Every structure is written in structure tokens, then in C-alpha cells.
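Participant: Pasting a structure here, questions to come.
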Amino acid sequence: MSRPLARSRSRRARARTALAAVVALTAGALSACGGSSGAGGKGSSVTLRVGATGWKEEEALLKFAHLDDTPYQVRWSLFQGGDRQLEAVRAGALDVASSSEIPPVFAAADGKPNFKVVAVRRGNTLNQEVVAPKGSPITSIAQLRGKKVGYVKNTTAHYFLYELLKRAGLGWDDIEAAPLDPDKGIAALNGGSIDAFAGYGNAVITAHQRGARTIGSGKDVLSGNFLWTASDDTLGGAAGRKALADLLARIDKAFAYVRDGRQKEYAKLMAAATHQPVDQALEEFTAGEAQRETGIRPVSAGATASEQKVADAFGDLGAVQRKLDVDEFWSDRLSARLRKALAS
């Protein structure tokens, strides 16, 4: 929903006074190598503060594809997870978040969402796994009964762990569930203080590098929908909507640019960021695109229904205390602009 401009500016001003505290609480003070960086748009009156998880993939991707010279400012900030991004959006410390389907459900659980899901990034569901440490006798999800299992709360890991337990005939109460950030989860796994860890992305890559073994995968549990969420303030102005639609279309075109014979070159960039061999990064990217080509899409009825299924699952789990109608925080307000930008 849009708000009067004066009120919007007032809310942003109040939010910025608490920015340092919000960042410390929601992003672990951001990544040590992170913070924010600008791109393009010198002198522009529009600045988009955009979140990223794992590594600043979209920022690096746009530079790689020579699409980073935007007619507006973009400030990228690195977070431990999409849940932390949504917390920052709610607090006014971030304008745009990228996440799985799960974080918006929890961010809207109090019934007062000040954000909207406005686009979907279709992507692969690889590197979403439950892993056991090197030397562990645990080889399946069914063997987790009574075990201490780390997971990244309010993320895909939370969801696919719950679903995998159900498929194995177990309930959430059959394990000792331990919510942990990805880096702390890997440390706990290696240190022997947890028996298994449900994680994603760089955390899973790191776990395997240290000898961990996959005992369950979210590959076929997850939809492949990754959501772009914007604050109501950002969507309240035409300039903000135009900038966001343009940014998302650039990301879509950048992935197409990589697929057009530049996979190995891009793998070198990935490898440097994720600290893995280039061949492994290339295999990861190629396998991911083979499973599902990455692309940005406007919101759709099918994507909304998938999000409702996730919300209902967390309601059944008792993690969300009220019945959620995801239409409360999904909007097609950006769709017309996004379609036009994608087609240009």
C-alpha cells in the first residue's frame, strides 16, 4: 500500500536513527567483508538498499555482464540469511530483500507486514541439504530420532528439514532442534555439539569440504521460487518502482549473458567468492541451470499458491501462531513495469 510522501519520509528518518542497532541484530553486524556498496546512477535521487545472502552474487553478476551502470544508486548489503533481510526491511534499514519463500511468512506473522513480495526468481534447489559430520554413523533422516539437529531458522532449511522428517515418519518433537546461523552451524557440526545440520549454499559447500555427508536433500521438497520483497515505502513512489523493475530485469538478463557461453569465466568469479575450486563452481552452476534456469518473473497465481502451502506448513508446525493469508503480503504492483523491463 502507498503512503503519503511526508509520512514516508518521516518513517524513513526514524528508521535510519536505529539503523546501527538493526544491522547488529539482524545481520550479525553484516558480513565482515560486506557493508554496502554503490553502483551507477551518479546524482540519482533514487537509492535502492538491497540485501544479499551468502555472497553478493547479484552485484558481482551485474558487473560481470556489464549491466551495473544503473541510472540510480544501488547499495548491496550482505546478510546471513533471508530472514535477517526481512527483519531489516521491517525496521526500515533495507528497501529490498531476496529470500526463499519462508522468511516473508515469519515476517508477516504478527499481521502487520510493511512489505510486499513483488517478483519471483526461479532458481535451482541444489545445495539445500541435511548433512552429518565426517565419521558419523548417521546415514539417513530416520536415524535423527533423539538427535540434536542444527538448522537455519525461518529459512528453506527450516522448511525442508520439517518436510523430510515427516517423510521419514518423524515429527519435529522427535529431534532436539537447534536454531543456528550458517557459520555457527558448521562450527557446531565440526565441533561435535550437533549430530546433523540443515543448511544451504556456502554452508553446505563448506561442510562437504570438511568431510560431511548428505543424509537428506531439499532438492525435491522446495519449489525453486525465491522471492524479491520490497518495503511499502519503496513501492509507494513511481521512481522506486521503476528502479526496482529495471534492476530485476538486469539481473535476469545477466544470467542469460552467463548462459550464452560464459559459464567457465563466471565460475572463476564464483570460485573466488565461495572459496572452492573453479571446476567445482562450474559444475555447481551448470548443474543448477540444468535443473532449472535462473530467471526473474512477475508474481503469479501459481507462485502465490506455493507460498500459501509453505505458510500452512509452518502453521501446522506451530511455528506461526495465526492462520496466514499470503495475499496480505503479495502484490502485482510491480508486474506491469517488470514485464515491460524484461521484454526490453
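The values are calculated or read from the model by the stated rules, or taken from the named source; none is laboratory data. Note that the coordinates shown come from a computational prediction; the quantities given were computed from them, not determined experimentally. Here the Cβ positions follow ideal geometry from the backbone for every residue, glycine too, while neighbour counts run over all protein chains shown. For the accessible areas, the whole protein counts, side chains as well, though only heavy atoms, and no ligand, DNA or RNA atoms are used. Shrake-Rupley method; radii C 1.70, N 1.55, O 1.52, S 1.80 Å.
Participant: Once you have all Cα-Cα distances for the stretch 190-344, histogram them in 10 Å bins from zero and send the whole-percent values.
Facilitator: Result, from short to long distances: 9, 26, 32, 27, 7, 0 percent.
Participant: Between rounded, prolate and oblate, where does the stretch 168-266 land on the alpha carbon gyration tensor, with a ≥ b ≥ c its root eigenvalues, rounded for a/c under 1.5, else prolate if a/b exceeds b/c?
Facilitator: Details: a/c = 2.53, a/b = 1.69, b/c = 1.50.
Judged from the Cα gyration tensor, the stretch 168-266 comes out prolate (a/c at least 1.5, a/b above b/c).
Participant: Helix 263-274 versus the longest principal axis of the chain: what is the Cα-based angle in degrees, 0 to 90, to the nearest 10?
Facilitator: Here the helix axis deviates by roughly 70 degrees.
Participant: Suppose R0 equals 41 Å; then what is the FRET efficiency for Arg75 and Ala305 from their Cβ-Cβ distance, rounded to the nearest 0.05?
Facilitator: Once the sixth-power term is evaluated, E becomes 0.75.
Participant: Tell me, what is the per residue accessible area of the chain in Å², probe radius 1.4 Å?
Facilitator: Per-residue value: 43 Å².
Participant: Follow-up. Would you list the P(r) distribution for the stretch 109-186, with all Cα-Cα distances sorted into 5 Å bins from 0 and each bin expressed as a whole %?
Facilitator: Result returned by the calculation: 3, 12, 21, 22, 17, 11, 8, 4, 2, 0.
Participant: Let me ask you something else. Rank by packing, highest mean first: peptides 264-272, 103-111, 237-245, with packing defined as the count of other Cβ atoms within 10 Å averaged across residues.
Facilitator: 103-111, 237-245, 264-272
Participant: Taking the Cβ of Ser344 as the center, what net charge do the other residues with Cβ under 14 Å away carry, scoring Lys and Arg +1 and Asp and Glu -1? Please list the in-between numbers first.
Facilitator: Working: positive: Lys242, Arg250, Lys253, Arg337, Arg339, Lys340; negative: Asp246, Asp252.
Residues near Ser344 contribute +4 overall.
Participant: With all distinct Cα pairs included, what does the Kirkwood hydrodynamic radius of the stretch 107-246 come out to in Å, to one decimal, could you say?
Facilitator: About 16.4 Å, per the Kirkwood formula over Cα pairs.
Participant: If you take the Cα atoms of the chain, find Rg, then find the Kirkwood Rh from the mean of 1/r over all pairs, what is Rg/Rh?
Facilitator: 0.96
Participant: Between Ala336 and Asp279, what is the label-point separation in nm under the 7 Å Cα-to-beta-carbon projection?
Facilitator: The two pseudo-label positions are separated by 5.3 nm.
Participant: What's the ranking of 177-187, 88-98, 64-74, 47-57 by average number of surrounding C-beta atoms within 10 Å, highest first?
Facilitator: Most protected by this proxy first, the peptides run 88-98, 47-57, 177-187, 64-74.
Participant: Sort out for me the Cα centre separation of the stretch 169-211 from the stretch 58-81, rounded to whole Å.
Facilitator: 30
Participant: Quickly estimate the mean residue ellipticity at 222 nm for the chain, helices only: each DSSP H run with n ≥ 4 gives -39500 (n - 2.57), and the total goes over all residues, rounded to 500.
Facilitator: -13500 deg cm²/dmol
Participant: Relative to the present Cα-Cα distance, how much length would full extension add between Ala238 and Asp173 at 0.36 nm per residue of separation?
Facilitator: 18.6 nm
Participant: Would you mind checking the tilt of helix 278-291 against the longest principal axis of the Cα atoms of the chain, expressed as 0 to 90 degrees and rounded to 10?
Facilitator: 80
Participant: Compute the acute angle (0 to 90°) between the alpha-carbon long axis of helix 182-191 and the principal axis of greatest extent of the alpha-carbon atoms of the chain; round to the nearest 10°.
Facilitator: Value to nearest ten degrees: 20.
Participant: Can you pull the percent of the stretch 43-176's accessible area that's carbon plus sulfur, 1.4 Å probe, other chains left in place?
Facilitator: The nonpolar share, carbon plus sulfur, comes to 44 percent.
Participant: Contact order normalised by length for the chain, with contacts defined as Cα pairs under 8 Å and 6 or more residues apart; what percent is it?
Facilitator: Details: 641 pairs, mean separation 77.0, N = 344.
For the chain, the relative contact order is 22 percent.
Participant: On to the next question. Using θ = phi - 60° and the Karplus form 6.51 cos²θ - 1.76 cosθ + 1.60, what ³J(HN,Hα) does each residue of the stretch 220-225 get, whole Hz, x for Gly and Pro?
Facilitator: Once rounded to whole Hz, the list reads 9, 8, 7, 7, x, 8.
Participant: Ok, one more. Once the piece of chain linking Thr47 and Arg259 is laid out straight, how much longer is it, given 0.36 nm per residue of separation minus the C-alpha distance between them?
Facilitator: That works out to 73.4 nm of additional length.
Participant: Could I ask something else about it? Using label points projected 7 Å from each Cα along Cα→Cβ, tell me how many nm separate Asp220 and Arg292, to one decimal.
Facilitator: Going from the Asp220 label point to the Arg292 one covers 1.5 nm.
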